[in-house]
Amino acid sequence: MSIEIKAPTFPESVADGTVATWHKQPGEACSADDLIVDIETDKVVLEVVAPQDGVIKEILKGEGDTVLSDEIIAVFEAGAAASAAAPAAEVASAEAGDSDKVGPAARKLIDENNLDANQIPGTGKNGGITKEDVLNFMKSGAPAATAAPAATKAAAPAPVAVNVAPGERVEKRVPMTRLRATIAKRLVEAQQTAAMLTTYNEVNMKPVMELRKQYKELFEKTHNGTRLGFMSFFVKAVTEALKRFPAVNASIDGNDMVYHGYQDIGVAVSTDRGLMVPVLRDTDGMGLSDIEATIADFGKRGRDGKLGLNDMQGGTFTITNGGTFGSLMSTPILNPPQTAILGMHKIQDRPMAVNGEVVILPMMYLALSYDHRMIDGKEAVQFLVTVKSLLEDPARILLDV
């Protein structure tokens, strides 16, 4: 029985998608719920799985093709037996250089990296070369065509071997992914359309660090292994500050200013596919453990490419932490239509004057970028000072003072 495989149903905010990677090839056996293909949209990568046991009969949309919501991308044969895999020796001796045995995605990689198809062991149907075969060959750095596929996969990953003649200047051109292109477009638009300004301050992290050190083990034991980090303190401090300064929690819609009566805070997560900003919903009602557990889940799903559209829609304010990569100070860019974003940075011991004495304290620079069309400088500075004050005396968060 033939079944039509369709692209996912995209939400209204997503016009179309791009076929990123076919994980199964025609004739290859699939079990129910096996991952078949990744569809990349402007925001996330969506996965399409096998509806039941069977094989891919025909692929209608190749990698790189644009697809619309619910568009047919392949034909699936339910219950059909997959062709037996060719023995390793047969694969090694197959004529991999024949054009009919090199898939479009594999051919593109081969051409971009000036590889010899005859040297790449194929694991596809009848010894065909797939995209994964080319990637494994590049990682292995072993050009020998006689190497068995199993040996190729078992080899430890290594930097791509490139034969460069003395004095030769090598360049590699790689098209932007749809997600990366969208990020680039939004960041440029943010700087072109908003009256963006940044104000800075610094916070003494010693009180939070001592509180964390004192209760770290008890917190983890009490909350089923959830670790106590710094981000939850920042989220709670920002939430309280947003309640006091509603303009920082607002957004601009045309000529209208929209004030939000809730706090949905986006937390920037760096992934291999680019920067993503999943949103913590109603942070005023979340405890420290809820915030830490949710952020940990966001990070894991972001690395695995499992973040969904619902995770990243909305948001009234954003926090980004460049300190995890060692950044001492930076100017974060707004995440439209939000009107402000807070940048955290590296904690660094610095000599500070305290009551007329020099004391070494763990200090962090904070940066608040804001849209001056919506937020006056006075509000922005007071907001940042409030965040600083709450972090330097965490008891004030609990006491709401």
Check your understanding: If you go through the stretch 161-189, how many residues are within 24 Å of the chain's Cα centre (by Cα), modelled with pLDDT under 75 and not polar (S, T, N, Q)?
Key -> 4
Study note, to complete from the structure: For the stretch 187-202 the number of residues that are assigned to a helix (DSSP H, G or I), more than 13 Å from Pro332 (Cα to Cα) and not hydroxyl-bearing (Ser, Thr, Tyr) is 2
Check your understanding: Name the pairs whose Cβ atoms lie under 8 Å apart, with the first residue in the stretch 211-222 and farther than 18 Å from Pro362 by Cβ, the second assigned to a helix (DSSP H, G or I), and 6 or more positions between them or separate chains?
Key -> Phe219/Leu288; Phe219/Ser289; Thr222/Ser289
Point to revise | Residue count for the stretch 345-390, restricted to those that are basic (Lys, Arg) and either in contact (Cβ under 8 Å) with a residue 40 or more places away in the chain or buried (at least 21 other Cβ atoms within 10 Å of the Cβ) (or both) | key: 2
Review point. So which of Met344, Met374 ends up being of a type in the set (A, V, I, L, M, F, W, C) and in contact with a Gly (Cβ under 7 Å, 6 or more places away or on another chain)?
Key: Met344
Review point. With the stretch 204-270 as the region, which strands (runs of 3 or more DSSP E) entirely inside it contain at least 1 residues that are over 25 Å from Glu392 (Cβ atoms)?
Key: 251-253, 256-258
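Among the residues of the stretch 302-315, is there at least one that is outside any strand (DSSP E or B), at pLDDT 95 or above and either touching a Ser or Thr at 6+ places or on another chain (Cβ under 8 Å) or surrounded by fewer than 22 Cβ atoms within 10 Å (Cβ to Cβ) (or both)?
No, the stretch 302-315 has no match at all.
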**Study point:** In the stretch 232-277, residue farthest from Thr199 (Cα to Cα) [restricted to those that are open to solvent by 70 Å² or more (accessible area, probe 1.4 Å) and of a type in the set (Phe, Trp, Tyr)]
**Key:** Tyr262
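In the stretch 286-301, which residues are free of Cβ contacts under 8 Å to residues at least 60 places away in the same chain, of a type outside the set (Val, Ile, Thr) and crowded, with 19+ Cβ neighbours inside 10 Å? Write out each step before concluding.
Applying the first criterion (free of Cβ contacts under 8 Å to residues at least 60 places away in the same chain) to the stretch 286-301 yields 286-287, 290, 294, 297-301.
Applying the additional criterion that residues be of a type outside the set (Val, Ile, Thr) yields 286-287, 290, 297-301.
Within the stretch 286-301, Met286, Phe298 qualify.
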Review point. If you go through the stretch 330-370, how many residues are over 22 Å from the mean Cα position of the chain (by Cα) and of a type in the set (A, V, I, L, M, F, W, C)?
Key: 13
Point to revise | Condition check for Gly261: among the small types (Gly, Ala, Ser) and touching a residue at least 12 places away in the same chain (Cβ under 8 Å) | key: no
Review point. Considering the stretch 292-315 alone, what residues qualify as being within 25 Å of Leu46 (Cα to Cα) and over 17 Å from the mean Cα position of the chain (by Cα)?
Key: Ala293
**Study point:** Inter-residue pairs, beta-carbon under 6 Å, first surrounded by fewer than 19 Cβ atoms within 10 Å (Cβ to Cβ) and in the stretch 97-113, second at pLDDT 70 or above and of a type in the set (S, T, N, Q), 6+ apart
**Key:** Gly97/Asn118
**Study point:** Looking only at the stretch 190-231, and only at residues there that are aromatic (Phe, Trp, Tyr) and over 25 Å from the mean Cα position of the chain (by Cα), the one that is surrounded by the most Cβ atoms within 10 Å (Cβ to Cβ)
**Key:** Phe219
Check your understanding: Given Leu334, Leu342, which one is of a type in the set (A, V, I, L, M), buried (at least 19 other Cβ atoms within 10 Å of the Cβ) and touching a Ser or Thr at 6+ places or on another chain (Cβ under 7 Å)?
Key -> Leu334
Practice item. Within the stretch 312-332, track down each residue that is of a type outside the set (A, V, I, L, M, F, W, C) and more than 19 Å from Thr283 (Cβ to Cβ). Key: Gly322, Gly323, Thr324, Gly326, Ser327, Ser330, Thr331
Check your understanding: When you scan the stretch 21-80 for strands (runs of 3 or more DSSP E) that lie fully inside it, which ones turn up with 2 or more residues that are crowded, with 16+ Cβ neighbours inside 10 Å?
Key -> 35-40, 45-49, 54-59, 72-78
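The values are calculated or read from the model by the stated rules, or taken from the named source; none is laboratory data. Bear in mind the structure is a predicted one, so any value in this text is a computation, not a measurement. Glycine gets a Cβ as well: all are built from the backbone with ideal geometry, and neighbour counts include every protein chain shown. Just so you know, the surface numbers come from the protein's heavy atoms only, side chains and all, with ligands and any DNA or RNA stripped out. Shrake-Rupley method; radii C 1.70, N 1.55, O 1.52, S 1.80 Å.
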